[in-house]
Structures are given as structure tokens and as C-alpha cells.
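Peer 1: Dumping the structure here so I can ask a few things about it.
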């Protein structure tokens, strides 16, 4: 029997949420509906889309499909479906699609439940957004997820779960935190899968992160840049005193070694780079305008010289 990839039919990844699946289905079914489409295979495509959404749009059917769609049930040659040894016995109805694959797949699910079939739950994936300072100091966060769970009758339903998550010091963007046993439920009493949370830093205009190195924009006055100055800067690890060298230009980098994202057992600390930005005082008073006019007269300075 040929395996049907319902995710490919709808053009969504296996990690797609319910809203993403619904949006993809609606877009495609409008495109291929026989009443409006000029495609020769519009009717067949519409039936295929309805079948795919009939599975992926239902939490219980989707969980069962993911369970029996695991790689161990598919052969490498041509994507053929290789069912478990007891395939074909104790079938019971589970859906109304015309596809042989659909009927047989979910008939097996019903029979397998009665015969004690066990399978570990699928791993789940989600993104958690944190502030950059959380990577410096660690943090605790409470998150809410809509995930499939087994109810008292063994059916898979979608429920909202609240989890307390510890953000360890030194995490980097893209790193995944593993929460054992917090993924999708197993069947037949088998263990649940794991939940993987991918770290993403919340956007903050003054910071840019590359690996464990952090780049921070720091405004300085024109006289601080020209004459040099000692200034105090608030960084993700706390306030620090730095020296602006005389004659500094906008964009100059001051490196603070080891002040990037803190070290872990697997990686050393990154560096913090302060990027100087020349901040001009506004000419919003007669006195300020007079000072700018005096500078214009007395400085032989052309910022576009050589361009």
C-alpha cells in the first residue's frame, strides 16, 4: 500500500499548528474547487485536499496518523506502507474518506487500541521568546501550549497546558531546551514524547547577537567622541565604565572581553562590542543655533571630502 503524506498534500511542515493547516487547506481548496478551477485534475485534487484536512484538521486523527506514519512503518523503496504484523485484523471504522489508505490506516488504529498496541509519543517543538538579559542571568518563565493529550477514555484531545520553564544562564539563540515527557502522549500506555523549546531573543534595537558575541549601540556626544571621555554604560550584565578614545568616529567598536553571553560547560563566554553612535544635540534654542553657526564659520570641515 502506498503511503500518503497528508502534510505534503497541504504544503505544510509536520510542526504546523492548527491555524496554519486550516489556512493552507482553505487557500488550496479555493484554488482547485471544480466550480472555479480550470485545472484538469481539479476534482481529484479537491478530494485529496478534503481527505488530508479530514485527518490533519482533527486532533485525534492527526495524532493517530503521526503515530502510524513513523519511518519504521514505511519502506525505502517508493514510500510503500509497511504495517505492523497484526495489520488487517480487528478493523473498525474511523472516518468517511474514500481513500483505501485512509480507511485502512484508521481501521488499524481502532483495532490496535483494543489489542494493546504501544507506541512512544511524538516529540513536540515550539519557540520561546526571551529577553537578552535572561541569557545573562537565567530566568523562569510560564508558557501556555495547546497540545494533544489522552483523556480518560484513551482518546486524543487538544488541551491548553501551562508549563513552568527554567531558562539556564548562557543560552544562545536557536538553542533547544528539552523537556522530557512533555511532548505528545504515547498510545497504549507508552511514554510521552519530549518537548523541545527553541530559544529566540526578543527584538531590541540597541542589541545585535552573533553566536555568543553581543553588539550594543552606545550614543556619545560629539565632544565626548572628539576629546575622549569616561562614560558609564548600562549593559545586559550590569553597568560598566568605559573610556572613549579621543578622535573616535561613529561606528567605532570598543571590545569588552568576556562580557558577551556567559560561558557554559560547553562554550566560553562571548565578548561585548560597544558601537559608538554620535548623537547631535538639537538646535532648538537661539543659543544652540548660535553655537552651530559659530562652528560652521570657524571649522574648515567638509564631511563629504573625498567622496
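Bear in mind that the values in this text are calculations on the coordinates, not laboratory data. Predicted model only: the values in this text are computed from it and were never measured. Because the Cβ atoms are built from the backbone with ideal geometry, glycine has one as well, and the counts that use them run over all protein chains shown.
Peer 1: Report the gain in length on full extension from residue 144 to residue 131: 0.36 nm times residue separation, minus Cα-Cα distance, nm rounded to one decimal. Let's see the in-between values first.
Peer 2: Details: separation 13, 0.36 × 13 = 4.68 nm, distance 1.77 nm.
2.9 nm is the gain from fully extending residue 144 to residue 131.
Peer 1: Going by how many other Cβ atoms sit within 10 Å of their own, how do 56, 132, 275 line up, fewest first? Let's see the in-between values first.
Peer 2: Working: 56 24, 132 19, 275 15.
Least to most surrounded, the residues fall as 275, 132, 56.
Peer 1: Further, regarding this structure: State the extension gain, in nm to one decimal, for the chain segment bounded by residue 16 and residue 232, taking 0.36 nm per residue of separation less the distance between their alpha-carbons. Don't skip to the end; give the middle numbers.
Peer 2: Numbers: separation 216, 0.36 × 216 = 77.76 nm, distance 4.61 nm.
This chain segment gains 73.2 nm when fully extended.
Peer 1: If I stretch the segment between residue 162 and residue 242 completely, what's the gain in nm (0.36 nm per residue apart, minus their alpha carbon distance), one decimal? Can you show the working numbers first?
Peer 2: Details: separation 80, 0.36 × 80 = 28.80 nm, distance 4.33 nm.
Length gained between residue 162 and residue 242: 24.5 nm.
Peer 1: Quick check of the Kirkwood formula: for the range 164-294, what is the inverse mean of 1/r over all pairs of different Cα atoms, in Å?
Peer 2: Numbers: mean 1/r = 0.0549 Å⁻¹.
Radius from the Kirkwood sum: 18.2 Å.
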